[in-house]
Amino acid sequence: MAYKALYRTYRPTTFEEVAGQQHIVKTIKNALATGKIAHAYLFAGPRGTGKTTMAKLLAKALNCEHGIGCQCNECKNCLAINEGTHPDVLEIDAASNNGVDEIRDLIDKVKYGTILGRYKVYIIDEVHMMTPGAFNALLKTLEEPPEHVIFILATTEPHKILPTILSRCQRYDFSKVSDDDIRERIKVVLEKEGISYNEDAINLIISLADGGMRDALSILDQVLAYSGDQLKVQDVLDIFALESTEEKINLIKSILAGDVADILNRLSNYIERGTDIKRLTNDLLMMLKDVLIYETSSSDRYLQILKEDDAMDLSNSLSSEVAMEMITALMTTLKDYKNVTAINPLFEVTLLKLASMNSKPHQQVAREEKPETRPLRYETPFPKGPTPEMIKAMEEKKEEPKPVEQPKVEIKPEPVVEEPEQPSLFEDDSAASDESIIYINGTEVEDHYEIDEKTMVNIMVTSKKDIKNSLLENWKNLKRLAAHPRLGRIATMLVDGHPLVVSNKVMVLEYQSDNIVEKMNLISNQKDIQNVMRTVFNKKMFVYSVNRKGSIDLQQKYMNLLQLGRLPKADTVEIEFIGD
């Protein structure tokens, strides 16, 4: 018997076996249960996400002998649909049957009754390939087909379909299958096939599949044909001419060290092994992006390729400014690949350029040119927390602490360089100037602080990882003020927050509760907040709070500007309290 590919062997036979697309499965099952069956459906989405499979499952649910909505896989209708031999379920490839004559022939057969099942189901795959004449010929029949006929159109490019066709269909948009759903399905297949596997190898297949379940199983099929009864990372790397994450990390370390000899030696090995240079370039870009994300968030939640230990290791050797320059160079190289006949020399030049960006002479020149813009460091370490004597002194002190002036932030962006005008990412993006002042304050009408998005991004640029880490290490010391009669309430609210961004004089906290965010940003609370910060951390610092959604939006905005190369450099942004 001829071998049957894995994606065909393990094609879902019931709605419950479908990987992902749960919103579509639920809607269709509910429609079948209530008898609300449309006469025409459009399944649109990326390749390999289950459009044709879902169409066949729907045809089976309409014709199963155990009733509409059932998929017993035992009756003659279900078995015939599984084998592709059912006379009433017709699958048509519009890529090769896209003309007017073929569609007219289909229309002529529509009027005939069913042979075996309840419904005659026409599944037209790649329907966007049909000619305008063929669409127009189908239009009337699609709008008012016989009661026993149902059309299911499948496409990867719905924008190419005539609006008159779209308006007559019930549309379902398929999304890329999540990594977790693909992982779960691959494990089921491997267990049924009796194949031992490595978790990292599965993750590598998932990254190659790019959200396509069929692609994932096809890749798995190819790897197993090579490796036999084991799935190992090295086999996947060998078949698809890829480099391991460890190798790519070592390449980045050689680049950061400026070790040109080692870089050229590695490149020679890549070329000899036939490594996919374009994918390697993209992987290096993604890894550097991970480093930037980790420097900004100090969390592994948003990392895509690197593990936290690797991201921390690389971030210790790489400043955010140089990382951004390296990312920009790699993005330019990816664009230039399509304009050259041989990509290997271009990749080699790019690696040499990257190696020069982080070299010691380069960093020394930068320091000599701008000695006044060196990052500020703490002169004294954070204390371990307020001592009992400090708390007692505060309680016995008769006069109120000196009010803390409402802070104002002065931001000095880098000089404007004339460039082609680009669309703004901010709602309010007035013309830039050499120097601007942005005020953070409250009024009698508005009793809370509110910082605009552009200012928040500038604050994020000045974030200091060492200060943030020191705060996190001593954050629990805030609990020691919990019993204080006046500051205990503020200290308790601070403990519940997570430091998102910390610069020398501003800290942004993230909270799950909108209610706490509102309380923390009250002008009347800022005095006590700063008193707590001075007491526990020996640091005067303006504290601003955002909710979880605001945090995600800010980080996304930051990354968008970062990828566009439109962030100001950290050494050109100054945040000061006016009046200090």
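Is the stretch 94-179 best put as rounded, prolate or oblate by its Cα gyration tensor, with a ≥ b ≥ c the root eigenvalues, rounded for a/c under 1.5, and otherwise prolate when a/b is larger than b/c, oblate when not?
Judged from the Cα gyration tensor, the stretch 94-179 comes out oblate (a/c at least 1.5, b/c at or above a/b).
Using the Karplus curve 6.51 cos²θ - 1.76 cosθ + 1.60 with θ = phi - 60°, work out ³J(HN,Hα) for each residue of the stretch 3-19 in order, rounded to whole Hz, and write x for Gly and Pro.
5, 10, 4, 4, 5, 8, 4, 10, 5, x, 10, 9, 4, 5, 8, 5, 7
Would you grab the residues whose amide H sits under 5 Å from the one on A40? Only those 5+ places off in sequence or on another chain, please, with H modelled 1.01 Å from N.
Under 5 Å from the amide H of A40 lie the amide H atoms of F151, Q170, each far enough along the sequence or on another chain.
Could you work out the relative contact order of the stretch 13-170, using alpha carbon pairs under 8 angstrom and six or more residues apart, expressed as a whole percent?
Working: 236 pairs, mean separation 45.4, N = 158.
29 percent.
For the stretch 42-127, just the Cα atoms, rotate onto the principal axes and tell me the three extents in Å, largest first.
38, 33, 19
Using the alpha carbon gyration tensor of the stretch 35-181, what are the three equivalent-ellipsoid semi-axes (square root of 5 times each eigenvalue), largest first, in whole Å?
They are 23, 20, 13 Å, listed largest first.
Can you bin the stretch 108-245 into rounded, prolate or oblate? Criterion: square roots of the alpha carbon gyration tensor eigenvalues sorted a ≥ b ≥ c, rounded for a/c under 1.5, prolate for a/b above b/c, oblate for the rest.
Details: a/c = 3.43, a/b = 2.34, b/c = 1.47.
Prolate is the answer for the stretch 108-245, as a/c is 1.5 or above and a/b outweighs b/c.
Please work out the FRET efficiency for the pair R171 and Q230, using the Cβ-Cβ distance as r and a Förster radius of 30 Å; give the result to the nearest 0.05.
Given R0 = 30 Å and the Cβ-Cβ separation, E is 0.10.
Please list, ordered by chain and number, the residues whose modelled amide H lies under 5 Å from the amide H of Y197; skip anything fewer than 5 residues away on the same chain.
It is L231, by chain and number.
Stretched out fully, how many nm does the piece from K109 to I68 gain, at 0.36 nm a residue minus the Cα gap?
Result for the pair: 12.4 nm of gain on full extension.
Rounded to whole Hz and in sequence order, give me ³J(HN,Hα) for the stretch 216-233 from the Karplus expression 6.51 cos²θ - 1.76 cosθ + 1.60, θ = phi - 60°, writing x for Gly and Pro.
4, 6, 5, 5, 4, 4, 5, 5, 5, 5, 8, 9, x, 9, 9, 10, 10, 4
Compute the Cα gyration tensor for the stretch 183-279, then decide on rounded, prolate or oblate, letting a ≥ b ≥ c be the square roots of its eigenvalues: rounded whenever a/c is under 1.5, prolate when a/b is larger than b/c in the other cases, and oblate in all that remain.
Numbers: a/c = 2.60, a/b = 2.40, b/c = 1.08.
Because a/c hits 1.5 or more and a/b exceeds b/c, the stretch 183-279 counts as prolate.
May I ask you to derive the relative contact order of the stretch 446-580, considering only C-alpha pairs under 8 Å and at least 6 residues apart, and to give it as an integer percent?
That works out to 29 percent.
Give me the net charge of Y119's neighbourhood, meaning all other residues with Cβ under 11 Å from the Cβ of Y119; Lys, Arg count +1, Asp, Glu -1.
Net local charge, Y119 excluded: +1.
Which trypsin sites (Lys or Arg not before Pro) from the stretch 494-580 combine a DSSP loop assignment with at most 13 other Cβ atoms within 10 Å?
Passing sites in the stretch 494-580 are R566.
For the stretch 100-185, what is the relative contact order in percent, using Cα pairs closer than 8 Å and at least 6 residues apart in sequence?
34
Under 5 Å between amide hydrogens, which residues at least 5 positions from L509 or on another chain qualify, with H placed 1.01 Å from N in the peptide plane?
Under 5 Å from the amide H of L509 lie the amide H atoms of L500, Y544, S545, V546, each far enough along the sequence or on another chain.
Which whole-angstrom value gives the distance between the alpha carbon centres of the stretch 108-185 and the stretch 462-501?
So the separation of the two Cα centres works out to 58 Å.
For the stretch 207-273 and the stretch 514-558, what is the centre-to-centre distance using only Cα atoms, to the nearest Å?
Using only Cα atoms, the two centres lie 44 Å from each other.
Be a star and scan the stretch 265-282 for residues whose amide nitrogen sits under 17 Å from the point 7 Å along the Cα-to-Cβ vector of V340.
265-272, 274-282, by backbone N distance to the label point.
Hand me the chymotrypsin sites (Phe, Trp or Tyr not before Pro) from the stretch 3-89 located in a DSSP loop with no more than 10 other Cβ atoms within 10 Å, in residue order please.
Here the chymotrypsin sites (Phe, Trp or Tyr not before Pro) that fit, given the DSSP loop and packing criteria, are Y3.
Give, in nm to one decimal, the length gained when the segment between E247 and N538 is fully stretched (0.36 nm per residue of separation minus the Cα-Cα distance).
Answer, rounded to one decimal: 100.4 nm.
Between the DSSP loop rule and a limit of at most 10 other Cβ atoms within 10 Å, which trypsin sites (Lys or Arg not before Pro) in the stretch 230-312 are left?
Passing both the DSSP loop test and the Cβ count: R301.
Quick one: 3J(HN,Hα) in Hz for the stretch 511-523, Karplus 6.51/-1.76/1.60 with θ = phi - 60°, rounded, Gly and Pro as x.
Working through the residues one at a time gives 10, 6, 9, 5, 4, 5, 4, 4, 5, 5, 8, 5, 4 Hz.
We did not get these values from a lab; they are worked out from the coordinates using the rules stated. Only a predicted model underlies this, so the values are computations on that prediction, with no experimental measurement involved. Note that each Cβ is placed from the backbone with ideal geometry, even for glycine, and that neighbours are counted across all protein chains shown.
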